[in-house]
Amino acid sequence: MKKTWAMVAMVLVVSLMLVVAGCGGGAKPAEKAPEAPKFPTKQIEIIVPAGAGGGTDMLARAMANKAKDLLGQPVVIVNKPGGSGTVGFTAGQTAKPDGYTVTMFFAEIVIVPHLGIAQADHKLFVPIMRVNMDPAAITVKADAPWKTLKEFLDYAKANPGKVRMGNSGPGSIWHLAAATVEDKTGVKFNHVPYGGAAPAVTALLGGAIEAVAVSPAEVGAQVASGKLKILGVMSDKREKAFPEVKTFKEQGYEVVVGTWRGLGVPKGTPEPVVKILHDAFKKAMDDPGFIAQADKLGLGLAYLNAADFTKFMDADFANYAKLVDKLGLKQQKK
Amino acid sequence: MKRGSIVAGFLLIALAIVVWIGSAAFTADSSYFPRAVAAIMLGLTILMLLENRTVRDQVVFEWEKFNYRRTAIIFVITSIYLVIMAYVGFLITTPICLLLMMQVLEKGDWKVKILSSVITTAAIYYVFQMMLDVPLPAWSF
Amino acid sequence: MDLLVHGFATVLQPQIFFILVAGTLGGIIIGSLPGLTATMGVALLTPLTFSLPPATGLVMLCGIYCGAIYGGSISAILIRTPGTPAAAATVFDGNELAKKGLAGKALGMSAIASCAGGVFSALCLTFIAPELARVALSFSSPEYFAMGLLGLSIVASISGDYVVRGLISACIGLLVGLVGLDNLNGYPRFTFGLVDLLNGVSFIPVLIGLFAVSEALRTTESMLKTAHVDFKLSGVLPSFSELRGCAKTILKSSAIGTMIGIIPATGGDIAAFLAYGEAKRSSKNGEKFGTGELEGVAAPEAANNGVTGGALIPLMTLGIPGDAVTAIFLGALMLQGLRPGPLLFKDNAELVYAIFAGMFLANIIFMLFGLFAIKYIARVINIPKPILTPIIFVLCIVGSYSINNSMFDLLVMMFFGVLGYLMDKFKFPVSPIVLALILGPMVEGEFRRSLLLSSGSFSIFFTRPICVAILTLTVFSVVGAYIQQRKKHRLLKLEN
């Protein structure tokens, strides 16, 4: 037994020495770093605050696939799902601001702070760029009695709380999209949260609910096969994939809501590094192969540079603050 | 067994009470289910304690025979490994940790141990990091 | 039929076939490693298919999916570590068989039952998919709630001799399942202000902790005593008569698995537990379940591979992804410019049948591999415990970490490892925790969602035929278990 303990002690000492040596070795290059943006010299991680296989994940993977050649270093995806993205947002904003941890955040980052449940904050990120934007849309069964958005909303107005509107989770962007419609038109829905867009669409197909407020891409297959129909999209212009579907604006309702995804690094990341990342990811975004992939996935590409993206997020942030307040979605912690 | 059940019983009753009180602050919808579960658990625990009175006292484990010391050492090594790995990375800490544990469990035969710990580390690293791009904790200095 | 033959011809082209074999073998490795689930395997390898022709890429994903679901059973049997959640129920009897030195029989049974389940579901997928797809749509919240209850009702039967303690364990599982944001209103419950708990306690670290870490801790106590057992038996395959004895169970479990697979938002883990419960209820040797019965391996394994084909049914016919894996399949199909749904059968029939053929062949491939490789895989058990146990610890840690790249999950794993270890000491069965953790959130969430749908009226549970049928089944199952228990008690008293 004594011998064992001696061995344990020895190994511990050796590993400690390694730690110390590691600190010393690592500290030197950091001192020189500011002027020489020799970046990147090791693999870059993209935090995806959602599970593997979803839209955000696919987008990030497709981008990483292109960006790794441009940056000359591996770009790996780290999925950190949970709490409407909060887990990943928080991990991303508290990461070391050296540019090696990029986060792909999305609309919920300007919503969850208002819900009073988490410390996610888009101001803790230096945005790199916005990548994608998808509008919300109201979709009903193809054999539903409403032919136009107006008929649907008139029915909802006449029968407050009777139209069951599925969304992808409480406080999710699609929940707030439906709430925005309520806010702007004075109707009252019965919001039914599901564990994502797909289960909500399934419930609609099965007739458990009357309508869903998700993106056109998420109902694309069922619309194409004639089982569902889209009444209107909440954006400025019609969707490329569904040119015959009118926007809310065209039908006389001032409602523009959508989800978006963008890239950012923690605050404090050196300017030149952000620029290198921006240039690489922008180039990846312009790659025809990537554009084709995004197209097939039904993800609308909508580039915004860092400055505009910041303004855009600030506006959304203020907007949702009012809406969450109005809806009483804030979780009071007693 | 009897004494163990009583200890466990009291812990469970405490847990049920904590859950009951903890869910008081929840919005009404969110509190029904936890409270129902807490109540059922309380009932079951009391049932268990009552049943326990009629059961003959069986010995579950004897402390003298129970080699808790080695289990505790392994547990401590694993815990230290978890903490150090977060900073030093997977590749360095893993073989050391493996060697240590193997040595605690059975002394001697260094060749086999070194070989197996190095091969294990390399194999895991290869499959996770190289083949599948699943990142493992890396050197973070 | 012509199309199916054509599909097989496509897949049997050397290049595609090679990729299918590689995918299946890769899937087995991924599945057998704790923490790398079928979902993760498919997600991680999907980018590889970007550059492959559609048929080749999708057939590879089929191979990974089927292989991974089967692979989960290997580690469940050999080292009591379910490689995927779907293999959680395989641990009960599979690992007991391995401890008796019958690892070979358990592995063989798992390979055969998995293949049978997979082929059964592939048959359903190929020939009656559109008819079955309607089932998927007839399931709404009340039905999910009822099914969750039915699943929970088997707690008593997986608790062994300690039913009350098993029920208490289930309550603990239900409480653990409560942690995190409330699915219906976003209220954070029992999160203690920790961001890591917002999404609830991660399931896989709990699973690994309760089963694998606790077992590894137990092993360290008695290391020297059991180090040298004769494991010559471990290469023996299940005999023909043993297979025949399990045939009914396999068939029934395959059907259960396929049905559960069709129902969206359910998966291999639930199917395996339900099939295990049913097999235990109806088997002659029901009482011996949990002590190393081959039927106890056959049932969950046939069921979880039955899910594979079943889950593809709503995807291919309706464009609805039934679970996480098929959601990724949907993405992969769309990346190839394809839209699942009825139109797919019309516009891309060749590809559809190539996928069907790929599903059949993947199941055959992993079975052949499983049977031939048993001799070598089973040797894991012959590795001396002082070497193997530390390796298991490291595998548990790596697996728990990589599922969410989270150090917090490692703490969760350690906590549940110690909890499982202590619970075993005090004769509390741990498997009800796992079952309750899977089903609890479903039962609560769907119950409340049902009431949302009905604007608060409870009649929604009693006016829908499928829901009423499942609820009735649940009542029967509970009453049956109670009567069985009483009988057992009386017998015990008589003996005393």
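Observations on the model:
- Length-normalised contact order for region C:2-495 - Cα pairs under 8 Å, 6+ apart - percent: 29
- Residues A:Asp183 and C:Met407, FRET efficiency given R0 of 41 Å [Cβ-Cβ distance, rounded to 0.05]: 0.50
- Per-residue 3J(HN,Hα) values for region C:43-50, derived from phi via the Karplus relation 6.51 cos²θ - 1.76 cosθ + 1.60 with θ = phi - 60°, read 5, 5, 9, 4, x, 4, 7, 3 Hz in sequence order (x marks Gly and Pro).
- Amide H within-cut-off set for A:Ala302, under 5 Å, with H built and near neighbours excluded: A:Asn132, A:Met133
- Couplings 3J(HN,Hα) of region A:159-166, computed from phi: 10, x, x, 8, 7, 8, 10, x Hz, in residue order, whole Hz [Karplus 6.51 cos²θ - 1.76 cosθ + 1.60, θ = phi - 60°; x for Gly and Pro].
- Cα lying deepest toward the dipole's positive end in the protein assembly as shown, options B:Leu82, C:Gln485, A:Pro170, charges on Cβ: C:Gln485
- The mean sequence distance of close C-alpha pairs (under 8 Å, at least 6 residues apart), as a share of the length of chain A, puts its relative contact order at 24 percent.
- A full extension of the chain between C:Arg244 and C:Leu12 corresponds to an added length of 80.4 nm, given 0.36 nm per residue minus the alpha carbon distance.
- Helices that extend 20 Å or more along their long axis by alpha-carbon positions and average at least 0.5 on the Kyte-Doolittle scale are, among the DSSP H runs of chain A, A:2-32.
- Database remark: amide H of A:Phe189 closer than 5 angstrom to the amide H of A:Gly161 (H placed geometrically; neighbours at sequence offset of 5 or more, or on other chains; Pro and chain starts carry no H).
- C:Asp323 long-range amide H proximity, modeled H, under 5 Å: C:Ala265
- A probe of 1.4 angstrom, applied to the heavy atoms of all protein chains, finds A:Lys237 with accessible area near 150 square angstrom.
- All Cα-Cα distances of the protein assembly as shown, cut into 10 Å bins from zero to the largest, leave 2, 11, 21, 26, 22, 13, 5, 1, 0 percent in each bin in turn.
- Across C:Lys105/C:Lys427; A:Lys147/A:Lys237; A:Lys184/A:Lys296; A:Lys157/A:Lys311; C:Lys99/C:Lys385, pairs whose alpha-carbon gap is larger than 23 Å: C:Lys105/C:Lys427; A:Lys184/A:Lys296; A:Lys157/A:Lys311
- Ligands, DNA and RNA left out, the 1.4 Å accessible surface of region A:49-140 is 55% carbon and sulfur atoms.
- Estimated from the Cβ-Cβ distance and a Förster radius of 25 angstrom, the FRET efficiency linking A:Ala307 and A:Asp286 is about 0.85.
- Residues losing 10 Å² or more accessible surface upon assembly, region A:252-300, compared with the chain by itself, 1.4 Å: A:Gln293, A:Lys296, A:Leu297
- Counting only DSSP beta bridges with both residues in the protein assembly as shown, the antiparallel share comes to about 65 percent.
- Here the Debye sum runs over all C-alpha atoms of region B:68-131 as equal scatterers in vacuum, and log10 of I(q)/I(0) at q = 0.20, 0.24, 0.30 Å⁻¹ comes out as -0.82, -1.05, -1.22.
- Only helices enter the 222 nm calculation for chain C: every DSSP H run of n ≥ 4 contributes -39,500 (n - 2.57), and dividing by all residues gives -24500 deg cm²/dmol, rounded to 500.
- Theoretical ellipticity at 222 nm over chain B - DSSP helices of four or more residues, -39500 (n - 2.57) apiece, nearest 500: -24500 deg cm²/dmol
- Region C:314-376: relative contact order as a whole-number percent, Cα under 8 Å and 6+ apart: 25
- Accessible area buried, both sides summed, chains A and C with 1.4 Å probe, Å²: 3600
- Cα-derived Rg to Rh of chain A, Kirkwood definition: 1.07
- Per-residue packing, averaged as other Cβ atoms within 10 Å, sorts the ranges C:152-160, C:302-310 into the order C:302-310, C:152-160, beginning with the highest.
- In chain A, helical runs assigned H by DSSP with n ≥ 4 each contribute -39500 (n - 2.57); averaged across all residues and rounded to the nearest 500, the mean residue ellipticity at 222 nm is -14000 deg cm²/dmol.
- Size check on region C:2-495: the Cα extents along the three principal axes, sorted descending, read 66, 61, 48 Å.
- Dipole in debye (nearest 20) - the protein assembly as shown, about Cα centre, beta carbon charges: Lys, Arg +1; Asp, Glu -1: 1940
- Rounded percent of accessible protein surface that carbon and sulfur make up, region C:232-370, 1.4 Å probe: 62
- Shown in residue order for region C:408-425 are the 3J(HN,Hα) couplings computed by the Karplus curve 6.51 cos²θ - 1.76 cosθ + 1.60 at θ = phi - 60°: 4, 4, 5, 5, 4, 4, 5, 4, 6, x, 5, 4, x, 4, 5, 4, 4, 4 Hz (x for Gly and Pro).
- Residues of region A:211-243 buried by at least 20 Å² on assembly (accessible area, 1.4 Å probe, chain alone as reference): A:Ala221, A:Gln222, A:Ala224, A:Ser225, A:Lys227
The values are calculated or read from the model by the stated rules, or taken from the named source; none is laboratory data. Predicted model, so just to flag it, every value in this text is computed and none were measured. Glycine gets a Cβ as well: all are built from the backbone with ideal geometry, and neighbour counts include every protein chain shown. These area figures cover heavy atoms from the full protein model, side chains too; ligands, DNA and RNA do not enter into them. Shrake-Rupley method; radii C 1.70, N 1.55, O 1.52, S 1.80 Å.
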